[in-house]
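Since the structure comes first, as structure tokens, the remarks are kept for the end.
The values are calculated or read from the model by the stated rules, or taken from the named source; none is laboratory data. This structure is a prediction, so every number in the text was calculated from the model and none was measured. In this analysis, Cβ positions are derived from the backbone assuming ideal geometry, glycine residues included, and neighbour counts consider all displayed protein chains.
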Amino acid sequence: MNILIADDRPLLRDEIAFVLRGLFGSAASIRSIADFDTLEAVLAESAPDLVVVHHGLPGAPETDALVRRLKRRRTMPLLVAGDDDPAEVRLALAAGAEGYLPRSAGSTDLRDALATVISGGIFMPKLARRTAVPAEVVRVPAHGSDHSVLTPRQREVLGLVRHGLPNKEIARRLGTTEGTIKNHVKAILRLLRVQNRTQAALARV
């Protein structure tokens with residue numbers, strides 16, 4: 001498993017690397033990067049299994065632009081680390097990041113965030129719920145406020161997506177197949193007019 005940690009703070013890089021080695025042992029190949037230009041150069045030549053990036057990385061654009069730019073390079077899972085700012089959290093997630101790790105997160109939060117994102121889930125810290133997603137970032141149809149555009153089963157699936165569960169775990173909980181859940185998720189994205197499951201989880205409909 002190839003992992004990039006992009007942060008100009010050596011202490012945080014070391015802490016993240018320590019947790020990753022605890023999760024994956026010798027299977028984790030970890031590279032640390034301290035600036036945005038180097039990160040882009042590495043992504044142009046390699047396809048990592050996970051990128052952990054600080055939104056204040058030297059040379060990086062604003063949070064949502066940072067996420068979109070990195071996602072255009074590679075479709076790898078992306079965990080953004082940054083300040084305890086609910087607006088920054090939700091901008092990162094709405095732009096397509098699979099998780100956001102706030103400065104106040106402890107070692108347990110860090111471990112949970114890494115494990116969740118790598119397994120295909122979404123890690124959304126509690127402070128993300130303190131503010132709404134800007135309308136220009138996530139647009140949803142004006143069909144009322146009760147998910148009326150979704151079937152009861154789709155609402156169940158969306159609820160579990162919002163808890164950060166990957167399709168395999170959602171299928172296990174609902175007693176169905178992973179393929180069925182994938183089809184439900186595709187339908188949810190279409191009905192809510194969003195581009196990915198992160199935006200669906202954040203959508204207020």
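Things to note:
- Inspection of segment 134-144 identifies no residue that is at pLDDT 85 or above, on the phi < 0 side of the Ramachandran plot and not polar (S, T, N, Q).
- Filter pass, residue 4 being assigned to a helix (DSSP H, G or I), under 19 Å from the mean Cα position of the chain (by Cα), closer than 21 Å to residue 112 by Cβ and in contact (Cβ under 8 Å) with a residue 12 or more places away in the chain: no
- Per the listing 39, 66, 70, 93, the residue uniquely in contact (Cβ under 8 Å) with a residue 40 or more places away in the chain and either over 16 Å from residue 15 (Cβ atoms) or not hydroxyl-bearing (Ser, Thr, Tyr) (or both) is 93.
- Helices (runs of 4 or more DSSP H) (entirely within segment 160-205) containing at least 2 residues that are in the same structural domain as residue 121 (by TED's automatic domain parsing), under 25 Å from residue 88 (Cα atoms) and not aliphatic (A, V, I, L, M): none
- Once segment 148-173 is narrowed to residues that are among the aliphatic types (A, V, I, L, M) and more than 22 Å from residue 115 (Cα to Cα), the residue that is surrounded by the fewest Cβ atoms within 10 Å (Cβ to Cβ) is 149.
- Condition check for residue 40: surrounded by fewer than 13 Cβ atoms within 10 Å (Cβ to Cβ) and over 19 Å from residue 108 (Cα atoms): no
- Residue in segment 65-88 that is over 23 Å from residue 111 (Cβ atoms) and among the acidic types (Asp, Glu) present: no
- Filtered residue count, segment 161-184, keeping only those that are under 13 Å from residue 120 (Cα atoms) and not charged (D, E, K, R): 7
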